[in-house]
């Protein structure tokens, strides 16, 4: 993120990250193949922080999950804003699916959903929450969390 203060993402190099972080090039390549992998790892970590503290009751409760989710991103939006800015929604989507799948595996069956359809539930929830989240970021995160939940409720989505 510090490198992006100096230049646009498409001009940041591994050497820039290496110099800024103090991490040796070999250490970087031990964990990542490229800068996109680094962004995906950071995005995974953020989603784990945003959703990982939820218990199964809150994770499967749309309103409680959204409140926690948006609260996290209200305070930690730098990586998300970057990914939206550079049009890398694919990283955000893949990361959310990975973490949601991990949580589903941890919590077990989704209440009221046939276990054979669990992947579809995760896909729909990912599409829904990320669409709202990225639209919110595109709007400059202007709405409060309560406003967002109210908007979603008025649309009949929760």
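Read the figures in this text as sums done on the coordinates, not as results from a lab. Everything numeric here is computed off the predicted structure, so don't read it as measured data. Here the Cβ is made from the backbone with ideal geometry for all residues, glycine too, and neighbour counts use every protein chain on show.
Observations on the model:
- Amide N proximity, the stretch 82-114 versus residue 75 label position 7 Å along Cα-to-Cβ, cut-off under 15 Å: none
- In this simple spin-label model, placing a label point 7 Å from the Cα along the Cα-to-Cβ direction at both residue 150 and residue 89 gives a separation of 2.7 nm.
- Structure remark: mean-square fluctuation, Gaussian network model of the chain, C-alpha springs under 10 Å; the largest value among 132, 17, 92 belongs to 17.
- Here each label is just a point 7 Å from Cα along the line to Cβ, and for residue 29 and residue 10 those points are 2.6 nm apart.
- All-pairs Cα distance distribution in the stretch 56-158, expressed in whole percent, bin size 5 Å: 2, 11, 22, 25, 20, 13, 5, 1
- Separation of alpha-carbon centers, the stretch 103-158 and the stretch 1-57, rounded to whole Å: 25
- Length-normalised contact order of the chain in % [C-alpha pairs under 8 Å, at least 6 apart]: 22
- Relative compactness, the stretch 105-150, computed as alpha-carbon Rg over 2.2 N^0.38 Å: 1.49
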